[in-house]
1. Just checking, does the stretch 40-47 include any residue being under 26 Å from Pro12 (Cα atoms) and either within 8 Å of the ligand (Cβ to nearest atom) or exposed (fewer than 13 other Cβ atoms within 10 Å of the Cβ) (or both)?
2. What are the pairs, 6+ residues apart or on separate chains, where a residue within the stretch 77-97 that is polar (S, T, N, Q) has its Cβ under 8 Å from a residue that is at pLDDT 95 or above?
3. With respect to Glu112, determine if the residue is loosely packed, with under 13 Cβ neighbours inside 10 Å, over 28 Å from Tyr33 (Cβ atoms), modelled with pLDDT of 95 or more and among the charged types (D, E, K, R).
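The values are calculated or read from the model by the stated rules, or taken from the named source; none is laboratory data. Bear in mind that the values here come from a model prediction, so they are computed numbers and not experimental data. Cβ placement follows ideal geometry from the backbone for every residue including glycine, while neighbour counts extend to all protein chains displayed.
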Amino acid sequence: MTALGITGADDPIDWDALTRYATEVMGRAYAPYSHYKVGVAGLVDDGRVVLGCNVENAAYGVALCAECGMVSALHSTGGGRLVAVACVDGQGKPLMPCGRCRQLLWENGGPEMQLQTPTGIKTMNEVLPDAFSAVDLETPEQ
Ligand code: THU
């Protein structure tokens, strides 16, 4: 058990704890334009937890999704692979990551990463089927 109350990556995922962390960081979102706060918590394969919240901008189009912050935290705190991710809205309810963020999660968690969604726990393979990934870059030029 880590200080954050999350067990090792081989243990069952403590979704309640991940959701609590996501809800806590959601409270630090900067969303003065949409008023739609988002928080996300990811369990890393070494047992640590990384967090993110959305950060908006007066230039609306450059808003940073919560998942962007979490992925940045993943790398800036040592890297690793995401094992399980919980994303919540302003009510602390599961939120389905947008398409761009599913691509970010795929890059850093792969097809087996588990995601809490409004309709249950799913794998990335289920929420981003036939994903474009680094493998596609290996295709020789025609
Ligand atoms: N948002 C996220 O943070 N993650 C998502 O997956 C969906 C959308 C944010 C972006 C924007 O600040 C607000 O939610 C409304 O779109």
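1. We begin by selecting, within the stretch 40-47, every residue under 26 Å from Pro12 (Cα atoms); these are 40-47.
Imposing the further condition that a residue be either within 8 Å of the ligand (Cβ to nearest atom) or exposed (fewer than 13 other Cβ atoms within 10 Å of the Cβ) (or both) reduces the set to 40.
For the stretch 40-47, residues under 26 Å from Pro12 (Cα atoms) and either within 8 Å of the ligand (Cβ to nearest atom) or exposed (fewer than 13 other Cβ atoms within 10 Å of the Cβ) (or both): present.
2. Here the result reads Thr77/Arg48; Thr77/Val50, each pair linking the stretch 77-97 to a residue that is at pLDDT 95 or above.
3. Numbers: loosely packed, with under 13 Cβ neighbours inside 10 Å: yes; over 28 Å from Tyr33 (Cβ atoms): yes; modelled with pLDDT of 95 or more: yes; among the charged types (D, E, K, R): yes.
Yes, satisfied.
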